[in-house]
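Visitor: I am attaching a structure below and will ask some questions about it afterwards.
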Amino acid sequence: MNAIDETQSRRWRLVLGTAAEQPLGGLGSADDEAMDRALGAVYNTDDQTSGKRSAGLGGSAPKVARWLGDIRSYFPSTVVEVMQRDAVDRLNLTQLLLEPELLEAVEPDVHLVGTLLSLNRVMPETTKATARMVVEKVVREIEQRIAAHTVAAVSGALNRAARVTRPRLRDIDWDRTIRKNLANYLPEHRTVVPERLVGYGRKAQAVRRDVVLAIDQSGSMASSVVYASVFGAVLASMRSLKTSLVVFDTEVVDLTEQLSDPVEVLFGTQLGGGTDINRAIAYSQSLITRPADTLFVLISDLYEGGIREEMLRRVNAMRESGVQVVVLLALSDDGAPAFDHENAAALAALGVPAFACTPDKFPDLLALALDRGDIQAWANRNAGAS
């Protein structure tokens, strides 16, 4: 067997587990055997005598801690995150995440934050400080990833909206003015005659637009809650926007006052429970005082436990009053979400498309919405519009 065949055989053996040892042969190194044990603890969990699934890591915190150390030694961080998530889902290790020493060994990611937030109400005090550090690390990483793009995209949209055609001298945008008047270039004078001036609006600190984010905090929306909270904090830092953030299940909680710290926002959420979208929209309507200058973003899988017909009427009333309405089925990198197709179709019939959006694309969507661009066309190009 040549080197290529040996490499392929080794990889398939690690993928398929011990069941493939006879046709593919054993593993040749101690490191490979350690990797195989780490994978087998999560994925080789068939009880050969009973035919039932069994937890390869058992309920032992020390054993889990060793396993966490092993996978961080042998696999890249992206693979570690997937294996951790699978271990929690497949082996019911949720309770073990309440132990500080395990949290310190875990590779933080958005999904782990969602799990910790769902445990927030039952988390012992000894664990909360460690959990908060884990959440804060993930939040700061997301901020670094999205903040600059968001501020640039939103500021650009607001500046475009503020441009005027009769600006004061100090407010003239000379670059755009020259480009607008290139047809009036006089070669003999080597100059452009600016028949049309383009300028910025007065750069006062007045709020130009209002943004209301309403986030469904049912368990399936965990990643969206994390990302939306960070985006809310970034938007709240911009003086030209008035940003409000509400989270909801069957109750509605206004977390606007905590927007200066997205970690506080997240610990103010409570993932899980039912969903009353109609009630959340009713509360959001009470926050809207300037419909023509307001962007309302609803982030929900649209599984409505409240009054569906009233929910649709409220969305339509918002839209007709001049509010720019955007409905996201998910704000995450998790792929195609599960959602209520009937409600999504009903919203689309009202002229409000519902679609999923990744965090990387959300700043551009915000800018388009603030510019009152074609949301449906953007969704068709960039997302899975329903």
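Visitor: Run the simple label-point estimate for residue 101 and residue 143 please: 7 Å along Cα→C-beta, distance reported in nm.
Guide: The two pseudo-label positions are separated by 3.2 nm.
Visitor: In nanometres, what is the gap between the two model label sites at residue 309 and residue 250, each 7 Å from Cα along Cα-to-Cβ?
Guide: 2.3
Visitor: Let me ask another. May I ask you to order 259-272, 127-140 by the average number of other C-beta atoms within 10 Å around their residues, highest value first? Mind showing how you got there, number by number?
Guide: Numbers: 259-272: 19.4, 127-140: 17.5.
By packing density, highest mean first, the sequence is 259-272, 127-140.
Visitor: May I pose another question? Rounded to the nearest 10 Å², what accessible area does residue 242 have for a 1.4 Å probe in the complete protein model?
Guide: Here the accessible area works out near 100 Å².
Visitor: So how far, in whole Å, is the C-alpha centre of segment 243-279 from the one of segment 290-367?
Guide: If we compute the Cα centre of each part, the gap is 17 Å.
Visitor: What does the net charge come to around residue 88 if you take all other residues with beta carbon closer than 13 Å to its beta carbon, with K and R at +1 and D and E at -1? Each step should come with its number before you reach the end.
Guide: Values: positive: 85, 90; negative: 81, 86, 89, 107, 109.
That sum, taken over residues with Cβ under 13 Å, equals -3.
Visitor: Provide the net charge surrounding residue 207, with neighbours chosen by a C-beta distance below 11 Å and charges set as Lys +1, Arg +1, Asp -1, Glu -1.
Guide: Numbers: positive: 208, 209, 239, 242, 290; negative: 210, 293.
It works out to a net charge of +3.
Visitor: Taking R0 as 51 Å, what FRET efficiency do you get between residue 358 and residue 189 from their Cβ-Cβ distance, rounded to the nearest 0.05? Numbers along the way, then the final one.
Guide: On the way: r = 51 Å, r/R0 = 1.01.
After rounding to 0.05, the efficiency reads 0.50.
Visitor: Which of the three applies to segment 219-321, rounded, prolate or oblate, going by the alpha-carbon gyration tensor with a ≥ b ≥ c and a/c under 1.5 meaning rounded? Can you show the working numbers first?
Guide: Numbers: a/c = 2.15, a/b = 1.11, b/c = 1.94.
Note, shape of segment 219-321 comes out oblate.
Visitor: Within 10 Å, count the other beta carbons around each residue, average over each peptide in 353-364, 293-304, and list them highest first. Walk me through the numbers on the way to the answer.
Guide: On the way: 353-364: 20.3, 293-304: 22.8.
Most protected by this proxy first, the peptides run 293-304, 353-364.
Visitor: What distance in nm separates the two pseudo spin-label positions at residue 349 and residue 34, each 7 Å out from Cα along the beta-carbon direction?
Guide: 6.1
Visitor: Probe radius 1.4 Å, ligands and nucleic acids ignored: give me the carbon and sulfur share of the accessible area of segment 239-386 as a rounded percent. Please report the intermediate quantities before stating the final value.
Guide: Details: 2830 of 5990 Å².
The value for segment 239-386 is 47 percent carbon and sulfur by accessible area.
Visitor: Also: With every protein chain present, what accessible area does residue 149 have (1.4 Å probe, heavy atoms only), rounded to the nearest 10 Å²?
Guide: It works out to around 80 Å².
Visitor: Ok, one more. Using a 1.4 angstrom probe, figure out how much accessible area segment 172-301 has per residue, in square angstrom, rounded to the nearest whole. List each step's numbers first, then the result.
Guide: Details: 5720 Å² over 130 residues.
Accessible area per residue: 44 Å².
Visitor: Next up: Under 1.5 on a/c is rounded, so check that first for segment 261-386, then, if it is not, pick prolate when a/b is larger than b/c and oblate when it is not; a ≥ b ≥ c are the square roots of the alpha carbon gyration tensor eigenvalues. Before the final figure, lay out each step's value.
Guide: Working: a/c = 1.14, a/b = 1.02, b/c = 1.12.
Cα axes put segment 261-386 in the rounded bin.
Visitor: For segment 320-386, just say rounded, prolate or oblate: build the C-alpha gyration tensor, square-root its eigenvalues into a ≥ b ≥ c, call rounded for a/c under 1.5, and beyond that prolate if a/b exceeds b/c, oblate if not. Don't jump to the answer; show the numbers that get you there.
Guide: Values: a/c = 1.96, a/b = 1.07, b/c = 1.82.
Oblate.
The values are calculated or read from the model by the stated rules, or taken from the named source; none is laboratory data. Quantities reported herein were computed from a predicted structural model and do not represent experimental measurements. Quick reminder, even Gly has a Cβ in these numbers, built from the backbone with ideal geometry, and neighbours come from all protein chains shown. We work out accessible area using only protein heavy atoms, side chains counted, and drop any ligands, DNA or RNA first. Shrake-Rupley method; radii C 1.70, N 1.55, O 1.52, S 1.80 Å.
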